Each structure stands twice: as structure tokens, then as C-alpha cells.
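One structure below.
The values are calculated or read from the model by the stated rules, or taken from the named source; none is laboratory data. Everything numeric in this text was worked out from a predicted model, so none of it was measured. No Cβ is skipped: glycine too gets one built from the backbone with ideal geometry, and neighbour counts run over all protein chains shown. Heads up: the accessible areas ignore ligands, DNA and RNA and are worked out on the full protein's heavy atoms, side chains in. Shrake-Rupley method; radii C 1.70, N 1.55, O 1.52, S 1.80 Å.
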Amino acid sequence: MLLYLLRHAEAVDKAESDAARALTKKGVSQAHKVGKFCIKNNFTPAIILTSPLKRAEQTARIVAKEIKNAEFIVNPMLSAGMQPETALDELKTYARFPSLMLVGHEPDFSLLAASLLGIPLSESLRLRKASLTAMELSALRPGAAVLIFTLPPKLM
């Protein structure tokens with residue numbers, strides 16, 4: 001499976017709740033940039049799974065609109081606070097698909113990427129806002145991934 005991790009784009013600092021934080025204008029632009037980059041480079045996941053938190057769902061919807069053919073699913077598992085073990089169990093549901101994009105949060109994605117890559121300390125890895133990371137997974141277990149790339153939006 002080809003797994004893409006997309007951290008949500010830039011969001012406002014304050015809202016009525018953390019879950020309600022929306023993208024800034026810069027964040028909207030970042031999300032469009034990611035979607036266009038994916039199309040240009042033929043990085044088109046079969047499914048996009050997103051956190052239900054507003055900033056992540058907005059990012060995912062913008063990217064999905066650019067990509068056009070990906071199935072779009074809001075998955076509560078991707079809410080802030082996701083643990084790598086939970087993510088791996090949930091991903092088994094989607095193992096039949098050749099590619100999958102997850103849209104979510106930090107430090108969750110650094111923890112997941114570190115686990116998949118077999119990096120013992122997540123402090124060795126930080127995924128920036130609107131960064132896109134791609135990994136090839138030979139199995140859905142810790143240490144079974146090969147990093148293909150990780151790019152911040154300014155390089156897309």
C-alpha cells in the first residue's frame with residue numbers, strides 16, 4: 001500500500017473550540033497547492049480519510065476536489081490524539097486499496113510515521129503544516145514502511 005500522510009494546513013489559533021478551528025487564507029492556499037501537486041505528479045490516492053476536526057476536514061475536502069476521483073471519508077479515528085496502534089488496526093479495513101491518504105494532526109502523524117518506519121524516537125521526525133509524506137508499506141505493522149518523500153508546501 002502507498003500511504004500518504006497530509007498534515008492539515010494552517011489554521012486560526014483561536015475558535016470556540018479546538019475542533020472548530022478553521023483554515024486561514026494561507027491554509028486554503030496550502031491545501032490547493034497540495035492537491036495540484038498531487039495531480040501534477042500522479043499522486044492520486046484511491047481514498048482520502050480525514051479527521052472530523054474542521055481544519056483537517058477543510059484541508060482534505062480541498063485536496064479531494066483537486067484530485068477529483070478519490071473516495072472521501074471522515075473517520076473519527078483521525079481526531080487529535082490518535083495512537084499508532086489504533087491507526088494500524090483501522091488501516092487494516094482499507095488494506096485492499098493500493099493507495100490511501102490520511103489527513104490529520106501532530107504529533108499523531110509523527111508518531112505514526114516513526115512507528116511505521118521503525119524509528120524509535122518520534123522526536124526524530126516532525127511533520128509541518130500542510131506537509132505531504134509518502135510511504136510504501138509492505139505490511140500494516142511497525143517498521144514495515146519505506147519513506148518515499150516528505151515535502152513541506154513551499155516545495156510543492
Order these peptides, 15-22, 139-146, by their mean beta-carbon neighbour count within 10 angstrom, highest first. 139-146, 15-22
Find how many whole Å separate the alpha carbon centroid of the range 49-92 from the alpha carbon centroid of the range 116-155. 16 Å
Expressed in angstrom and ordered largest first, the alpha-carbon extents of the chain along the principal axes are 37, 32, 28
Can you tell me the mean projection area, over all orientations, of the convex hull of the range 92-156's alpha carbons? Units nm², please. 4.6 nm²
Report the rotationally averaged projected area of the range 1-54 based on its alpha-carbon convex hull, in square nanometres. 4.1 nm²
Just to make sure I understand: if all protein chains stay in place, what is the order of ARG55, ARG96, ARG128 by accessible area at 1.4 Å, largest first? ARG96, ARG128, ARG55
Excluding residues fewer than 8 places away in the same chain, name every one of the lysines whose C-alpha is closer than 29 Å to that of LYS26. LYS14, LYS36, LYS40, LYS54, LYS65, LYS68, LYS129, LYS154
Count charges around LEU23 for me, please; just the other residues with Cβ under 9 Å from its Cβ, Lys/Arg as +1, Asp/Glu as -1. +4
The range 5-156, relative contact order [Cα under 8 Å, separation at least 6], %: 26 percent
